[in-house]
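> Sharing a structure here in structure tokens format.
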Amino acid sequence: NAGVMQNPRHLVRRRGQEARLRCSPMKGHSHVYWYRQLPEEGLKFMVYLQKENIIDESGMPKERFSAEFPKEGPSILRIQQVVRGDSAAYFCASSPRDRLVAKNIQYFGAGTRLSVL
Amino acid sequence: AQSVTQPDIHITVSEGASLELRCNYSYGATPYLFWYVQSPGQGLQLLLKYFSGDTLVQGIKGFEAEFKRSQSSFNLRKPSVHWSDAAEYFCAVGALIQGAQKLVFGQGTRLTINP
């Protein structure tokens, strides 16, 4: 049973380019979460999605950032017109859908490290 | 709003020594609490969790944590550390959102092991 898969592991972009980060959840998981880790900081929640729905995007910057989790395929975090301040590690997590909230443990991928030149 | 504080940014212990990493949280209801470990360049691995019941919880790799409601704490302990325990440790509280949890993390504690 493969874990949460993120790609690419490392992504280099120049200022103004677009970054696309992909996340395939664990098999059987229908909830996806994106977190951002800035250097020397803890992880900060960005967005929570279920298939074809954004449930909570309270941690997403208002501009340039978007996320989707289509019916088929991986979840995508998209950053338009990247700036140096977007350089960070972006982690995806997934959890199952269980009526018992306590069972909805989040499992993390290895992350995508974005560097903006 | 929920928050987590890990007072120690960096801790160094000798191999074989005991370890305690501190975590204090702020949350209005009964918290769901977690400890994750992150090795360099890797993702986060769940060490242990607390939801309810026994306030002393056992995790993987010989770790345990104790929930103390009166102190709003959830400190992580290990009786004897191994060199492979060197990593970054994150405490988190789960905030409920529509049947799932949004994790609020502390800033992490980096653990260094002296041989």
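The values are calculated or read from the model by the stated rules, or taken from the named source; none is laboratory data. Computed from a prediction, not measured in an experiment: that's the story for all the values here. A quick note on method: Cβ atoms are made from the backbone with ideal geometry, for glycine too, and the neighbour counts reach across all protein chains shown. To get the accessible areas, we keep the full protein, side chains included, count just its heavy atoms, and leave off ligands, DNA and RNA. Shrake-Rupley method; radii C 1.70, N 1.55, O 1.52, S 1.80 Å.
> Between the alpha-carbon centers of region B:88-115 and region A:11-42, tell me the distance in whole angstrom.
When both Cα centres are located, 17 Å separates them.
> Can you give the average number of partner chain beta-carbon atoms within 10 Å of each beta-carbon in peptide B:100-112, as a whole number?
Mean partner-chain Cβ count within 10 Å for B:100-112: 5.
> Here's a follow-up. Assigning unit charges at the beta carbon (Lys, Arg +1; Asp, Glu -1) and nothing else, what dipole magnitude in debye, to the nearest 20, does the protein assembly as shown show about its Cα centre?
600
> Rank A:Phe91, A:Ile54, A:Val116 by how far each Cα sits towards the positive end of the charge dipole of chain A (+1 on Lys, Arg Cβ; -1 on Asp, Glu Cβ) and give me just the farthest.
A:Val116
> Something else now. Take A:Ser87 and A:Lys27, extend 7 Å from each Cα along the Cα→Cβ direction, and tell me the distance between the two endpoints in nm.
Calculated label separation equals 4.0 nm.
> May I ask which of A:Lys44/A:Lys71; A:Lys27/B:Lys78; A:Lys71/B:Lys102 have a Cα-Cα span longer than 31 Å here?
In this structure, A:Lys27/B:Lys78 lie more than 31 Å apart at Cα.
> Which value in Å does the Kirkwood hydrodynamic radius of the protein assembly as shown take, with 1/r averaged over all unlike C-alpha pairs and then inverted?
Hydrodynamic radius (Kirkwood, Cα pairs) of the protein assembly as shown is 18.2 Å.
> Here's a follow-up. Given +1 on the Cβ of Lys and Arg, -1 on the Cβ of Asp and Glu, and no further charges, what dipole in debye does chain B carry about its Cα centre, rounded to the nearest 20?
240
> Moving on. Express in nm, to one decimal, how much length is gained between B:Ile97 and B:Phe51 on full extension, taking 0.36 nm for each residue of separation and deducting their alpha carbon distance.
Contour length minus the Cα-Cα distance gives 15.0 nm.
> Rolling a 1.4 Å sphere over the protein heavy atoms, what is the accessible area per residue of the protein assembly as shown, to the nearest Å²?
With all protein chains present, the protein assembly as shown gives 49 Å² per residue.
> Okay, moving on. Stick to Cα atoms and the Kirkwood definition of Rh, then tell me Rg/Rh for region A:1-111.
Reported Rg/Rh (Cα atoms, Kirkwood Rh): 0.96.
> Using a probe of 1.4 angstrom, how much of the accessible area of region B:1-100 is carbon and sulfur, in percent?
48
> Which whole-number percent gives the relative contact order of chain B, counting Cα pairs below 8 Å spaced six or more residues apart?
37
> What accessible area, summed over both chains, is buried at the B-A interface (1.4 Å probe, Å², nearest 100)?
For B against A, buried area totals roughly 1900 Å².
> Starting from the Cα coordinates of chain B, work out the convex hull volume and express it per residue in Å³.
Spread over its residues, the Cα hull of chain B gives 104 Å³ apiece.
> Here is a follow-up. Under a point-charge model restricted to the Cβ atoms of Lys and Arg (+1) and Asp and Glu (-1), what is the dipole moment magnitude of chain A relative to its Cα centre, in debye to the nearest 20?
The calculation lands at about 260 debye.
> A further question follows. Between A:Ala2 and B:Glu66, how many nm apart are label points set 7 Å from Cα along the C-beta direction?
It is 4.4 nm.
> Can I ask one more? If you average the C-alpha positions of region B:1-65 and of region A:53-117 separately, how far apart do those two centres end up, in angstrom?
Cα centroid to Cα centroid, the span is 23 Å.
> Comparing the chain by itself with all protein chains present, which residues of region B:26-60 are at least 20 Å² less accessible (probe 1.4 Å)?
B:Tyr32, B:Tyr36, B:Gln38, B:Gly41, B:Gln42, B:Gly43, B:Leu44, B:Leu46, B:Phe51
> Taking Cα pairs under 8 Å and at least six residues apart, what relative contact order does region A:52-117 come out at, in percent?
Taking the mean separation of contacting Cα pairs over the length of region A:52-117, I get 26 percent.
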